[in-house]
Amino acid sequence: PPCGCVTDGGKPSMERHRFVVTQEESGQRLDRVLALRLPSHSRAFLQKLVHDEQVTLNGSEGVPVKASRALKAGDTIDVTVPPPSPSELSPEAIPLAILHEDRSILVLDKPAGMVVHPGAGARAGTLVHALLHHCRDLSGIGGVERPGIVHRLDKETSGVMVVAKNDTAHRHISRQFADRTISKIYHALAWGNLRQ
């Protein structure tokens, strides 16, 4: 099957991808090659797809493959990405400092002290909860707990973040981050004498 989405009534139902391993990728782990080929998905998510037998090698349907499997040039990888599950997170009316917004993206200034997405120790009050209140639909590629999130900043780091409002924008922005065509500048304030 060709790469891309399989649609059902206009809504994405699943993605199917097929890759042929290049000479440069030969000898690398399956999960590493998948992360390079599908940068819009986290490596942990791709490892879960391998574990759930959504990834086949050389057409071997029903034959489990390990994420650590070393690949050879010419190997064919087929990947099925199931549709994103609907988010069960509750929107929260948390103010956002929005710098730009259009149909595809939202650019905001994340304050220090705000966690980007739910995780251990932060089940509410995150940027994702605020985004769900502000936007009706966010890209589902990031998963149930990370809708729209293309990149993140640490809790105590403030700065500009780009959020994808649809799956097409998510894929394009993720590709730009993976290809390093997006430039990032970090500023730090230090107090006292720093040792090298």
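The values are calculated or read from the model by the stated rules, or taken from the named source; none is laboratory data. Predicted model only: the values in this text are computed from it and were never measured. FYI the Cβ positions are ideal-geometry reconstructions off the backbone, even for glycines, and counts take in every protein chain you see. Accessible surface areas use protein heavy atoms only, side chains included; no ligands, DNA or RNA. Shrake-Rupley method; radii C 1.70, N 1.55, O 1.52, S 1.80 Å.
What to note about this one:
- Some residue of region 143-155 being in a helix (DSSP H, G or I), under 30 Å from LEU30 (Cβ atoms) and open to solvent by less than 30 Å² (accessible area, probe 1.4 Å): no
- Check on VAL107, modelled with pLDDT of 90 or more, touching a Lys or Arg at 6+ places or on another chain (Cβ under 6 Å) and either closer than 30 Å to PRO82 by Cβ or not aromatic (Phe, Trp, Tyr) (or both): no
- Taken over region 167-196, the criterion of being more than 26 Å from SER90 (Cβ to Cβ), surrounded by 11 or more Cβ atoms within 10 Å (Cβ to Cβ) and not hydrophobic (A, V, I, L, M, F, W, C) is satisfied by THR168, ARG171, HIS172, SER174, ARG175, GLN176.
- Sole exception among (1) open to solvent by 30 Å² or more (accessible area, probe 1.4 Å); (2) closer than 22 Å to ILE98 by Cβ; (3) in contact (Cβ under 8 Å) with a residue 60 or more places away in the chain for ALA164, by number: (1)
- Region 18-27, subset crowded, with 18+ Cβ neighbours inside 10 Å and not charged (D, E, K, R), residue nearest to HIS170 (Cα to Cα): PHE19
- Among the residues of this structure, GLY121 does not count as one that is farther than 22 Å from ALA97 by Cβ, touching an Asp or Glu at 6+ places or on another chain (Cβ under 7 Å) and at pLDDT below 85.
- Looking only at region 51-104, residues that are surrounded by 12 or more Cβ atoms within 10 Å (Cβ to Cβ) and either basic (Lys, Arg) or under 22 Å from GLY125 (Cα atoms) (or both) come to 12 in all.
- Some residue of region 135-147 being modelled with pLDDT of 90 or more and farther than 15 Å from PRO39 by Cβ: no
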